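Take a look at the structure below.
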């Protein structure tokens, strides 16, 4: 994508205290701004959750042009002990026996990978309370980064490195050891505010566990109880500033539950709330958003003519989001 087609002109890469380089706003940036749409520097095909082998990473690096290799080698390096053990074993050597350039290439990949490596995207630091989100847009074949909060000039743009927004501090910190740092964001700091926010994370974690139990039991009372829990979860997410796709999936799940309960208008109301969050998270050109919006618009027309659900409406609402994502 041409630089004129995103808003990278309003951001800058500079030193972030205690974090190395970071991405900062040069001016005020409203929520929903696509600040970056970037093609990958290095791409490796990933099969599901399976990580690429050391050989695949090294071969992908060797296929880069000299200038691309130079850019790659300027990125942050880090590999935790487990990654070193796994990657070394895949090469048939211990980590210490690998050539220095190989250790550097592999360490850069483990520290910066979104499956692929993005030169500018790698400069976003982590927060458990992010103000920016990213997703792959297959229509563009690019990783896109959108603000999910209004950003003030001089503020750092932060993403989350994990899917578990409901995780408690101990679990978050254990996961972040993969990158070799201890998070000190407002949720993790040992202050009255941090402890209050951590308490909300614990509540969200318990709500998620209760939802999973209800899905397993699937009794006659389950849908009504699930709706109450989901509404509580979404309310806390929103009040705590967790307004990325985790909120979207909670809204979509509430729509699904209302479908089971036969509440057509409430189902579409929740779906509409989810669509709005999805719009500012992924952009109006994302295939998932455009497909959902088209179906939603048709169903609004249908609902204006009928009092309940027809087959088309049931199919649409049943396929919104995913239960596993909503409970992440």
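Values in this text are rule-based calculations from the coordinates and carry no lab data. The structure presented is a predicted model; accordingly, all values stated were derived computationally and were not measured. Counting neighbours? That spans all protein chains shown, and the Cβs are built from the backbone with ideal geometry, glycine included.
A few remarks follow.
- Ranked 161, 253, criterion: other C-beta atoms within 10 Å, fewest first: 161, 253
- Helices in the chain, meaning DSSP H runs of at least 4 residues, each add -39500 (n - 2.57). Divided by all residues, the mean residue ellipticity at 222 nm is -15000 deg cm²/dmol.
- For the range 109-185: rounded, prolate or oblate by the Cα gyration tensor [a/c cutoff 1.5]: oblate
- A Förster radius of 25 Å combined with the Cβ-Cβ distance from residue 181 to residue 120 puts the calculated FRET efficiency at roughly 0.75.
- Counting 0.36 nm for each residue step from residue 199 to residue 300 and taking away their Cα separation leaves a gain of 32.5 nm.
- Three-way shape call for the range 3-159 based on the alpha-carbon gyration tensor, with the a/c threshold at 1.5: prolate
- The stretch between residue 39 and residue 65 holds 7.8 nm of extra length on full extension. This uses 0.36 nm per residue minus the Cα-Cα distance.
- Helix axis angle, 81-91 relative to the chain longest principal axis, alpha carbon, degrees: 70 degrees
- Projected label distance in nm at residue 152 and residue 27, using a 7 Å step from Cα toward the beta-carbon: 1.9 nm
- Maximal additional length on extending the residue 285-residue 73 stretch stands at 73.1 nm, based on 0.36 nm per residue less the C-alpha distance.
- C-alpha long axis of helix 192-217 to longest principal axis of the chain, angle in °: 60 degrees
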